[in-house]
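Taking it in order: structure first as structure tokens, then the write-up.
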Amino acid sequence: MRAGTAPLTQSFAVSLAALGHNAQAAFVRLFDNGYHPNASGEHTRRLEGISVRNLSVRYGDRYALESLTGEFGPASLTAVVGPNGAGKSSLLKALAGILRPAIGQVTCAAAEWHRLAYLPQRDELDRGFPITVAELVALGDWRDFGALRKPPRRLAASVYEAIAAVGLSSLADQQISELSVGQFQRALFARLLLQDADVILLDEPFASLDENTTQDLLPILQRWRTEGRTVVAVLHDLDQVRRYFPSTLLLARSPIAWGETSVSLSVDNLARAKQALNPPESAHIGLVA
């Protein structure tokens, strides 16, 4: 047996049961966000991207996102940028099915929502679960074996391949609560690799990461694109966007520009986005994601 395989083939249902109903509910919130199966529950190999039409998202009487129409096509790598409060995270949650549109709609061409992966910002994730890196990564395939059942042994090889791909082989049996910020993000990317989704939504995936971790994870996004997947990432580093992302959506609650990155991030468009959410007297507030 491969070193470290034993924890992967054991259920952590006992641990969750001991923590009670609240822990099991939190488990669903942590690992089930954005999962929307179709009636049959069958898998298809590829989505044909994800599109929005006149999409608006509202919190109470305040619109966080207004009048967005367009498509994130297959084999695309799109950055979403804009000032604070521009609606970037709200857009991703609407695409993932977590937020219901106030107006308009989100459409997956193949209507197979369970082929979509969503990685929220790290501060939305609870790292207190008593599971190892290998068990966390195995959850990328948990729909095939059940939330509270032990992963099948056949899954072990794929899990450890994903862990190796993000450089965490030596930490496979480490508790996720003991990981650094960068190590935890690598583990989440390994889980995405195992999930093998067609549409991948990432909310600030490189925030607060060291340069080495960022440079190790960026090629994974490019690999997903070459494999025909749809990748949408909220980002704040505009230099990073210009260097690695062919397409950019610039938001300021409503769309300012959407298309080729060099055009979307023109000086004029960035000024328009800044002005749209910041009146002249507060124009010193910078553009961030």
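The values are calculated or read from the model by the stated rules, or taken from the named source; none is laboratory data. Since we're looking at a predicted model, the values are computed, not measured. No Cβ is skipped: glycine too gets one built from the backbone with ideal geometry, and neighbour counts run over all protein chains shown.
Residues being in contact with a helix residue (DSSP H, G or I) (Cβ under 8 Å, 6 or more places away or on another chain) and surrounded by fewer than 23 Cβ atoms within 10 Å (Cβ to Cβ): count how many of those fall in region 73-82.
Residues in region 73-82 being in contact with a helix residue (DSSP H, G or I) (Cβ under 8 Å, 6 or more places away or on another chain) and surrounded by fewer than 23 Cβ atoms within 10 Å (Cβ to Cβ): 3 in total.
Pairs, please: C-beta under 7 Å, at least 6 apart or cross-chain, first residue at positive phi and in region 238-258, second surrounded by fewer than 20 Cβ atoms within 10 Å (Cβ to Cβ) and among the acidic types (Asp, Glu)?
Arg253/Glu66
I need every pair where a residue in region 157-186 that is surrounded by fewer than 22 Cβ atoms within 10 Å (Cβ to Cβ) has its Cβ under 7 Å from the Cβ of a residue that is part of a helix (DSSP H, G or I) and of a type in the set (Asp, Glu), sequence separation at least 6 or different chains.
From residues that are surrounded by fewer than 22 Cβ atoms within 10 Å (Cβ to Cβ), the pairs are Gly167/Asp216.
Regarding Asp203, is this residue of a type in the set (D, E, K, R) and surrounded by fewer than 22 Cβ atoms within 10 Å (Cβ to Cβ)?
When the stated conditions are applied, Asp203 does not pass them.
Looking only at strands (runs of 3 or more DSSP E) that lie completely in region 1-97, which have at least 2 residues being over 29 Å from Ala187 (Cβ atoms), at pLDDT 90 or above and out of contact with any Phe, Trp or Tyr (no Cβ under 6 Å at 6 or more places or on another chain)?
50-59, 62-72
If I filter region 226-261 down to residues being in a loop (DSSP other than H, G, I, E, B) and of a type in the set (A, V, I, L, M, F, W, C), which single residue comes out as surrounded by the most Cβ atoms within 10 Å (Cβ to Cβ)?
Phe245
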